[in-house]
There are 2 protein chains.
Amino acid sequence: MTRPIAIIGGTGPLGMGLALRWARAGEAIIIGSREAERAQRAAAAIRERAGGQAQVSGMENAAACAAADILMLTVPFEGQAALIKKLKSSMTAGSILIDATVPLATAVAGRASRTLGVWQGSAAQQAAELVPDEVSVVAAFHNVSADLLNGDSPLDCDVIVCSDDPDAAQLTRELAAKIPGVRALDGGKLENARIVEQITALLIGLNVRHKGHAGIRITGLPPAAYR
Amino acid sequence: MTRPIAIIGGTGPLGMGLALRWARAGEAIIIGSREAERAQRAAAAIRERAGGQAQVSGMENAAACAAADILMLTVPFEGQAALIKKLKSSMTAGSILIDATVPLATAVAGRASRTLGVWQGSAAQQAAELVPDEVSVVAAFHNVSADLLNGDSPLDCDVIVCSDDPDAAQLTRELAAKIPGVRALDGGKLENARIVEQITALLIGLNVRHKGHAGIRITGLPPAAYR
């Protein structure tokens, strides 16, 4: 596999967890960070944990962006728009930006169990407004516990994938399904990301209340719905 | 058990399904409808299906409301506020109103996979603004498939219960857990109902896309979180 996945803003818990799981699944990973050195340290840590022939490198965000066609964005909401604007010129035509941003009220010192309203409808739609026309945005991985991703056990949750680009959505579902225990679901158009993003705030509330690592499973659908 | 549950606007699929499951669990049910006769026919149908000593009667909505301290509201969003205003004077102090209303865009001829913004934050908070002060509002049962409730098999889903009244929330969780296969979860304050309501629109989209009866399970929490 020469197609790398760049995890932009990838040194936080979600980015590191995805990097670990995908590296173990044989994907080539580029961790992006504001500082190349920090990214390289994170990459070394993932290589050590993933073991074997894990292909994980670290670069400054713009370089990571330019080196990959699959971009996984894992930054807090307060940094999302500014970072996309900064990286826009580094994105190559035909790239896919997978956005996991949740507009938590923590962005304005509010509670993590509450969200902010986003004018475009969702953080993912805000991203879609900011990327170049030739870049497809997919919303996914909002509801996966970063703590559990950073562990070694299979997960017990589904990933709902929303996009207006069916091919980009399918690729993202395939990547999700590479994480042990995860099933991927077609959540429909990108506009539906607003609901998937909000679910994270509900899960955070449940985690606080019950000291857990909540995720969701969708029941009641035929087996063909999951992949 | 002499404490009856009045299912207000109870002749629709969700109301009938809850009536059937609770009647089978030994609860006394009053089905409420705009017309007493229609409510009585619905009650007879539930009695026949529930069998045994099922206690199910039918009354006009206001009479049903006056006869019970547990009110389960199962009406479309477009009818919710008007019905609560009409029934307000029939609600007895100390009653619990369990609201399952989802502000689907179908209320204004939009799609069932989209929702309307509600000024108060959620349909449940709109209900809370309209009921008498001495009535507690609980939000629950939004995400349960009405089709599956009306069947005979155990369900495979969780019910997230939101309320500002801990006792009312606990009673509602107990009622939810009487439905075979359902686990009930404390979803926190009533304001969180906005997220639980929206999930229904997402599930409807999944049902349309995959021809299923989608529900949700929350994973990753300790066993004590469910009841």
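The values are calculated or read from the model by the stated rules, or taken from the named source; none is laboratory data. The structure displayed is predicted, hence computed values, not measured ones. Counting neighbours? That spans all protein chains shown, and the Cβs are built from the backbone with ideal geometry, glycine included. These area figures cover heavy atoms from the full protein model, side chains too; ligands, DNA and RNA do not enter into them. Shrake-Rupley method; radii C 1.70, N 1.55, O 1.52, S 1.80 Å.
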Go through the range A:48-61 and count every residue that is farther than 17 Å from A:G17 by Cβ, out of contact with any strand residue (DSSP E or B) (no Cβ under 6 Å at 6 or more places or on another chain) and either part of a helix (DSSP H, G or I) or open to solvent by 60 Å² or more (accessible area, probe 1.4 Å) (or both). 2
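For the range B:197-210, enumerate the residues that are facing chain A (nearest Cβ under 7 Å) and open to solvent by less than 20 Å² (accessible area, probe 1.4 Å).
Step one: list which residues in the range B:197-210 are facing chain A (nearest Cβ under 7 Å), which gives B:198-199, B:201-202, B:205-206, B:209-210.
Listed by number, the residues that qualify are B:I199, B:A201, B:L202, B:G205, B:L206.
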When only residues in the range B:185-196 that are more than 7 Å from every other protein chain (Cβ to nearest Cβ) and surrounded by fewer than 24 Cβ atoms within 10 Å (Cβ to Cβ) count, which is farthest from B:A112 (Cα to Cα)? B:K189
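Okay, residues lined up against (1) more than 17 Å from A:A168 (Cβ to Cβ); (2) touching a Leu at 6+ places or on another chain (Cβ under 7 Å); (3) aromatic (F, W, Y):
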| site | (1), (2), (3) |
| --- | --- |
| A:T106 | yes, no, no |
| A:L116 | yes, no, no |
| A:S122 | no, no, no |
| A:Q125 | no, yes, no |
| A:L130 | no, no, no |
| A:D133 | no, no, no |
| A:N143 | yes, yes, no |
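Suppose we filter the range A:211-227 for residues that are within 21 Å of A:R114 (Cβ to Cβ), in contact (Cβ under 8 Å) with a residue 24 or more places away in the chain and open to solvent by 30 Å² or more (accessible area, probe 1.4 Å); how many remain?
Result for the range A:211-227: 1.
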When the range A:18-46 is checked residue by residue, the ones that are surrounded by fewer than 24 Cβ atoms within 10 Å (Cβ to Cβ), more than 21 Å from A:K86 (Cα to Cα) and of a type in the set (G, A, S) are A:A25, A:G26, A:A28, A:A42, A:A44, A:A45
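Condition (residue is more than 10 Å from chain A (Cβ to nearest Cβ) and under 20 Å from A:I218 (Cα atoms)) applied to the range B:167-177: is it met by at least one residue? Even if it seems obvious, please write down each step before you answer.
As a first pass, look at the range B:167-177 and keep what is more than 10 Å from chain A (Cβ to nearest Cβ): B:167-177.
So of that shortlist, the ones also under 20 Å from A:I218 (Cα atoms) come out as B:176-177.
Within the range B:167-177, one or more residues are more than 10 Å from chain A (Cβ to nearest Cβ) and under 20 Å from A:I218 (Cα atoms).
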